[in-house]
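*Asks:* Quick one: structure below, then a few questions.
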Amino acid sequence: MNINDNDFLTKLQILQDILDKKENVLGFILNICENQQSLYSSEDSDELKLFLKEIAKEKQKLIDDILQYDIVFDNMFKNIKTNFEDNAKKYKKEISKMQSSIDQVMKLDIAIRAKEDILKGILNNRRNGTKKNIKITNKAHILNQYKENSKTRYKGDK
């Protein structure tokens, strides 16, 4: 389906606007990930846990927004793909700008994935550390009980 130049330019601008919004939201998500990393490194508290849950909810909402942008972008691109390919030279400037935006979006996506992997590692280490602390606490508690029982038994034998 061929569309006229004005419609095509309008759709190209809409695609660019979507990419700009996506780039802004991804930048915000990356910022959230960086803040989460510093918070995960701090001491645990109930307030901190509640705050981290709120951050996770906000981040999920932003991710849902990104997915919506992707759907709209893909649908619109499908509508103008033929014109896009046929007019690559004519709209080189606009297409080049979109390619730059796509590159930036990809870089942000990679940075977010790397931060998410770091966050998962920190959380796993914290969980494993908590499990170790529980085991150490349980062993210490058992040892103390044994000592108390031994003292009691030893006193009782006299």
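*Asks:* Could you tell me which residue of segment 50-59 is modelled with the highest pLDDT, considering only residues that are exposed (fewer than 11 other Cβ atoms within 10 Å of the Cβ) and closer than 22 Å to Arg113 by Cα?
*Replies:* Residues of segment 50-59 exposed (fewer than 11 other Cβ atoms within 10 Å of the Cβ): 50, 53-54, 57.
Subsequent filtering for residues that are closer than 22 Å to Arg113 by Cα retains 53-54, 57.
Working: Lys53: 83, Glu54: 86, Lys57: 91.
Out of the qualifying residues, it is Lys57.
*Asks:* Among the candidates Lys89, Lys93, which residue alone is modelled with pLDDT of 90 or more, more than 29 Å from Arg127 (Cα to Cα) and surrounded by fewer than 16 Cβ atoms within 10 Å (Cβ to Cβ)?
*Replies:* Numbers: Lys89 fails: modelled with pLDDT of 90 or more.
Among Lys89, Lys93, only Lys93 is modelled with pLDDT of 90 or more, more than 29 Å from Arg127 (Cα to Cα) and surrounded by fewer than 16 Cβ atoms within 10 Å (Cβ to Cβ).
*Asks:* Moving to a separate point now. Confirm whether Ile63 is closer than 23 Å to Val25 by Cα and loosely packed, with under 12 Cβ neighbours inside 10 Å. Before the answer, list the steps.
*Replies:* On the way: closer than 23 Å to Val25 by Cα: yes; loosely packed, with under 12 Cβ neighbours inside 10 Å: no.
The answer is no for Ile63.
*Asks:* Okay, moving on. Give all pairs with beta carbons closer than 8 Å in which a residue from segment 76-101 that is within 20 Å of Glu23 (Cβ to Cβ) and part of a helix (DSSP H, G or I) meets a residue that is of a type in the set (Lys, Arg) and at pLDDT 85 or above; count only pairs at least 6 apart in sequence or on separate chains.
*Replies:* Taking only residues 6 or more apart or on different chains, the pairs are Met76/Lys11.
*Asks:* Ok, one more. In segment 1-41, what residues are hydroxyl-bearing (Ser, Thr, Tyr) and either within 14 Å of Met98 (Cα to Cα) or crowded, with 17+ Cβ neighbours inside 10 Å (or both)?
*Replies:* Looking only at segment 1-41, we keep the residues that are hydroxyl-bearing (Ser, Thr, Tyr), and these are 10, 38, 40-41.
Selection gives Thr10, Tyr40.
*Asks:* Moving to a separate point now. Assess whether Phe8 counts as being modelled with pLDDT of 85 or more, in a helix (DSSP H, G or I), of a type in the set (Phe, Trp, Tyr) and over 23 Å from Asp109 (Cα atoms).
*Replies:* On the way: modelled with pLDDT of 85 or more: yes; in a helix (DSSP H, G or I): yes; of a type in the set (Phe, Trp, Tyr): yes; over 23 Å from Asp109 (Cα atoms): yes.
In short, yes.
*Asks:* Suppose we filter segment 117-127 for residues that are surrounded by fewer than 11 Cβ atoms within 10 Å (Cβ to Cβ), within 17 Å of Lys49 (Cα to Cα) and either in contact with a Pro (Cβ under 8 Å, 6 or more places away or on another chain) or modelled with pLDDT of 75 or more (or both); how many remain? Before you say what the answer is, go through the steps one by one.
*Replies:* So in segment 117-127, the residues surrounded by fewer than 11 Cβ atoms within 10 Å (Cβ to Cβ) come out as 117, 120, 124, 127.
Cutting the leftovers down to within 17 Å of Lys49 (Cα to Cα) gives us 120, 124, 127.
In the following step, the residues that additionally are either in contact with a Pro (Cβ under 8 Å, 6 or more places away or on another chain) or modelled with pLDDT of 75 or more (or both) were identified as 120, 124.
Count: 2.
*Asks:* Specify the residue that is nearest to Asn31 (Cα to Cα); the eligible residues are those in segment 98-115 that are surrounded by 15 or more Cβ atoms within 10 Å (Cβ to Cβ) and not aliphatic (A, V, I, L, M).
*Replies:* Per the criteria, the residue is Lys115.
*Asks:* Another one. Pull up segment 68-84, narrow it to residues that are of a type in the set (A, V, I, L, M, F, W, C) and closer than 12 Å to Lys11 by Cα, then point me to the one that is surrounded by the most Cβ atoms within 10 Å (Cβ to Cβ).
*Replies:* First, pick out the residues of segment 68-84 that are of a type in the set (A, V, I, L, M, F, W, C): 71-73, 76-77, 80, 84.
If we keep only those that are closer than 12 Å to Lys11 by Cα as well, we get 72-73, 76-77, 80, 84.
Working: Val72: 14, Phe73: 18, Met76: 15, Phe77: 15, Ile80: 21, Phe84: 18.
For segment 68-84, the residue satisfying everything is Ile80.
The values are calculated or read from the model by the stated rules, or taken from the named source; none is laboratory data. Quantities reported herein were computed from a predicted structural model and do not represent experimental measurements. Glycine gets a Cβ as well: all are built from the backbone with ideal geometry, and neighbour counts include every protein chain shown.
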